[in-house]
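Asks: The structure under discussion is supplied below as structure tokens; questions concerning it will follow.
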Amino acid sequence: MYIPYILFAMFYLFIINTMTNNLVVSKEIPEEKHQKIFRTVNILITILITTSFVRIYLT
């Protein structure tokens, strides 16, 4: 029951990271800021995925 959601979450996180990478490259953001940008995006997306999991499966 949880497997499809986990697969969706991994796919979604991969797509978001790909889009973030494209944004960083196209805007020519300095290399020093890449790690901070990716960390922030990944934390926010993980929070979004976790809260949606709780809402779907635990309520």
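Asks: I'd like the residue in the stretch 1-27 that is within 17 Å of the chain's Cα centre (by Cα), over 16 Å from residue 49 (Cα atoms) and among the polar types (S, T, N, Q) and, out of all such residues, is surrounded by the most Cβ atoms within 10 Å (Cβ to Cβ).
Replies: 20
Asks: Continuing with the same structure: Looking at the stretch 45-57, can you tell me whether even one residue there is exposed (fewer than 10 other Cβ atoms within 10 Å of the Cβ) and outside any helix (DSSP H, G or I)?
Replies: No; the residues of the stretch 45-57 include none that is exposed (fewer than 10 other Cβ atoms within 10 Å of the Cβ) and outside any helix (DSSP H, G or I).
Bear in mind these aren't lab numbers, they're just calculated from the coordinates by the rules spelled out. Note that the coordinates shown come from a computational prediction; the quantities given were computed from them, not determined experimentally. Because the Cβ atoms are built from the backbone with ideal geometry, glycine has one as well, and the counts that use them run over all protein chains shown.
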